[in-house]
Amino acid sequence: MSTDLLVIGWVGDGAMRMEVAEVERRGAELVGEGMQVGASYGLWYRLEPGVLTVQLLGEAPRVIDLGDADFFDLAWSPLFNSLPVLRDGLLEAGSERTYRMRWVDVPSLQVQLSEQRYHPQGGGRVGFQAADFTTQIQFDEDGFVHIYPDLARRI
């Protein structure tokens with residue numbers, strides 16, 4: 001398993017949005033920082049074990065603790081869908097997993113718990129469900145989102 005830094009970028013699928021992140025795998029954990037730019041906001045974030053720092057342009061940074069959640073999930077960010085896939089090896093077909101996510105809305109930065117289900121179907125395809133929303137996410141061989149329909153595509 002490599003610990004090299006990796007720069008990944010996505011563009012919005014049907015929306016004016018993009019994200020660039022520099023990440024590093026440390027065992028089963030992912031650390032790094034990135035920037036999201038939407039039509040009406042810019043957001044910087046840093047992901048560290050147990051802590052997510054977010055900052056909208058022109059505002060003070062906000063530090064969010066993971067608490068009793070399994071992972072963070074940052075709205076509009078395909079990077080955060082990789083967290084359970086990388087830790088639990090969800091690229092191959094297997095049983096559905098349910099996670100408690102510390103979900104951060106963008107751009108309001110309101111935080112709430114969200115139950116999410118990941119159903120690994122093999123070939124890098126993972127079924128995803130949160131409340132009544134469902135989709136099929138395609139991951140690359142390294143566990144990073146390649147295509148998240150109606151959200152983002154890797155560049």
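The values are calculated or read from the model by the stated rules, or taken from the named source; none is laboratory data. Values in this document were obtained by computation on a predicted structure and should not be read as measured data. When we count neighbours, we look across all protein chains shown, and the Cβ atoms used for this are built from the backbone with ideal geometry, even at glycine. When the accessible area is computed, the model is the full protein with side chains, heavy atoms only, and any ligands, DNA or RNA have been set aside. Shrake-Rupley method; radii C 1.70, N 1.55, O 1.52, S 1.80 Å.
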Exercise for review: Inspect segment 64-72 for any residue being assigned to a strand (DSSP E or B) and more than 17 Å from Tyr118 (Cα to Cα) and give the result as yes or no.
Suggested key: yes
Check your understanding: Has segment 16-31 got at least one residue that is aliphatic (A, V, I, L, M), at pLDDT below 95 and open to solvent by 60 Å² or more (accessible area, probe 1.4 Å)?
Key -> yes
Check your understanding: In segment 124-145, which residues are in contact with a strand residue (DSSP E or B) (Cβ under 9 Å, 6 or more places away or on another chain), in a strand (DSSP E or B), without any contact (Cβ under 8 Å) to a residue 60 or more places away in the chain and hydrophobic (A, V, I, L, M, F, W, C)?
Key -> Val126, Phe128, Ala130, Ile137, Phe139
Point to revise | Long-range neighbours under 9 Å by Cβ, at least six apart or interchain, first residue farther than 16 Å from Ser108 by Cβ within segment 45-62, second in a loop (DSSP other than H, G, I, E, B) and open to solvent by less than 60 Å² (accessible area, probe 1.4 Å) | key: Pro49/Leu66; Gly50/Leu66; Val51/Leu66
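Okay, residues lined up against (1) touching a Leu at 6+ places or on another chain (Cβ under 9 Å); (2) acidic (Asp, Glu):
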residue	(1), (2)
Glu92	no, yes
Met101	yes, no
Glu115	no, yes
Gly122	yes, no
Asp132	no, yes
Gly143	yes, no
Pro149	no, no
Ala152	no, no
Review point. Is there a residue in segment 52-71 that is open to solvent by 10 Å² or more (accessible area, probe 1.4 Å), within 14 Å of the chain's Cα centre (by Cα) and closer than 17 Å to Val145 by Cβ?
Key: yes
**Study point:** Matching entry among Ser82, Ser77 (being in contact with a Gly (Cβ under 6 Å, 6 or more places away or on another chain), hydroxyl-bearing (Ser, Thr, Tyr) and either within 19 Å of Val145 (Cβ to Cβ) or modelled with pLDDT under 95 (or both))
**Key:** Ser82
